[in-house]
Amino acid sequence: MNKRPIALVAHDARKDDMVKWSRNNAETLKGFDVYATGTTGGRIEEGTGLPVTRLLSGPLGGDAQLGAMIAENRLAALFFFIDPLSALPHDVDVKSLLRLAILYNTPLAINQASADAILANLSNEG
């Protein structure tokens, strides 16, 4: 059986939260093909032992890679822990990624509460 692909992304100030959430949900996440942008993916691998397909860093094209996956209907969900308090130089890329997730009706988690709900739903579908 093929595992469904999901993407995990976190801004710098939220990477620790993403690693902690991933560690707390590692058993469930084993049932998915996990994609992540560069540094986030490395931190998740290191903190959980989960296999992660690492894309480019978000500002260097990783956000665009995920956007393409969404547009091609190749992601079951996007988990993007956003830092709402920091101005980001690649804000245009972030907005484009979020716009695509909304446009293509891709489940989108932007914090731990929404991530828990979406992961539970995806797990029940499987």
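The values are calculated or read from the model by the stated rules, or taken from the named source; none is laboratory data. Note that this is a predicted model, so its numbers are computed, not measured. Counting neighbours? That spans all protein chains shown, and the Cβs are built from the backbone with ideal geometry, glycine included. Accessible surface is based on the protein model in full, side chains and every heavy atom, while ligands, DNA and RNA are left aside. Shrake-Rupley method; radii C 1.70, N 1.55, O 1.52, S 1.80 Å.
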### Residues satisfying the stated conditions in the range 51-73, i.e. open to solvent by less than 50 Å² (accessible area, probe 1.4 Å), in contact with a helix residue (DSSP H, G or I) (Cβ under 6 Å, 6 or more places away or on another chain) and not in a helix (DSSP H, G or I)
V52, L55, S57
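Can you work out which of the residues in the range 74-126 that are among the β-branched types (V, I, T) and loosely packed, with under 14 Cβ neighbours inside 10 Å is farthest from D16 (Cα to Cα)? Spell out how you get there, then give the answer.
Going residue by residue through the range 74-126, those that are among the β-branched types (V, I, T) are 82, 92, 94, 102, 106, 110, 118.
Retained after the next criterion (residues that are loosely packed, with under 14 Cβ neighbours inside 10 Å): 92, 102.
Numbers: V92: 24, I102: 26 Å.
Out of the qualifying residues, it is I102.
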### Query
Exactly one of (1) free of Cβ contacts under 8 Å to residues at least 40 places away in the same chain; (2) more than 23 Å from N124 (Cβ to Cβ); (3) polar (S, T, N, Q) is unmet by N24. Its number?
(2)
### Summary
Those residues of the range 18-38 which are open to solvent by less than 50 Å² (accessible area, probe 1.4 Å), over 21 Å from L60 (Cβ atoms) and not polar (S, T, N, Q) amount to W21, A26, L29, G31, F32
